[in-house]
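Following: one structure in structure tokens, then a few remarks.
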Amino acid sequence: MTDESLHAPLLDHARALLERNAYLTLGTVGSDGRPWTSPVYMAADGLADFYWVSNQSSLHSVNVTAHPEVSLVVFDSTVPAYHGRALYAVGTAAVVRETELAHGLRVYPGPEGRGGSALTPEDVTGESPYRLYRARASQVWVLCPREPRQPCPLHGRAEDHRELVHPTPPEN
């Protein structure tokens, strides 16, 4: 198999995880250096932009303001034990700027069938305590899908392993 033919199924897998799952776990760091994780309802725009709405006074929001570097994971908690399906990312997060708010509100809250409510700019600006945030991933990996105790069909590896899907790895 070529690198490209190995990579395509992983991209499809990553996109499917984002379509099927409405929450991500956001990892932030406080000004005191302590880590904090929070589940947030999200909508993804491609593989690199993840949007959510939070109160500005929530600990993860305060942490993002102080230290914009974040990590996140989107995982499928409905699969059987030992069938882990997950997408991991690192990047930076911030409140969406006014000039990008219209686009962000088109992406968030994601597809209608997921149950999220559409928002207006007034819901996330001005006197509202809520803001639309975006994490922009610099790197994204997926946990290579495989059956328990079986080698991964793409790489032949029998242990859990992550593969980079964004940015697209260079071809050899």
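The table that follows gives values for the structure above.
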{"read-out": "Length-normalised contact order for the chain - Cα pairs under 8 Å, 6+ apart - percent", "value": "24"}
{"read-out": "Under the Karplus curve 6.51 cos²θ - 1.76 cosθ + 1.60, θ = phi - 60°, whole-Hz ³J(HN,Hα) for region 62-75, x wherever Gly or Pro sits", "value": "4, 5, 4, 5, 6, 9, x, 6, 9, 10, 8, 9, 10, 9"}
{"read-out": "Correct option for mean projected area of the Cα convex hull in nm² [calculated from the coordinates] among (1) 15.6; (2) 11.3; (3) 8.7", "value": "(2)"}
{"read-out": "Heavy-atom accessible area per residue - region 1-113, 1.4 Å, Å²", "value": "54"}
{"read-out": "Cα centre as origin, Lys/Arg/Asp/Glu Cβ charges: region 104-172 dipole, Debye", "value": "140"}
{"read-out": "Carbon + sulfur, % of accessible area of the chain - ligands and nucleic acids excluded, 1.4 Å", "value": "53"}
{"read-out": "Degrees, to the nearest 10: 3-20 long Cα axis against longest axis of the chain", "value": "40"}
{"read-out": "Using a Förster distance of 25 Å, the FRET efficiency for Ala102-Glu69 (Cβ separation, nearest 0.05)", "value": "0.40"}
{"read-out": "Dipole of region 59-172 [Lys/Arg +1, Asp/Glu -1 at C-beta], most positive-end residue of Ala81, Thr92, His60", "value": "Ala81"}
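The values are calculated or read from the model by the stated rules, or taken from the named source; none is laboratory data. Predicted, not measured: the structure shown is a model, and the values here were computed from it. Here the Cβ is made from the backbone with ideal geometry for all residues, glycine too, and neighbour counts use every protein chain on show. For accessibility, only protein heavy atoms count, side chains too; no ligands or nucleic acids. Shrake-Rupley method; radii C 1.70, N 1.55, O 1.52, S 1.80 Å.
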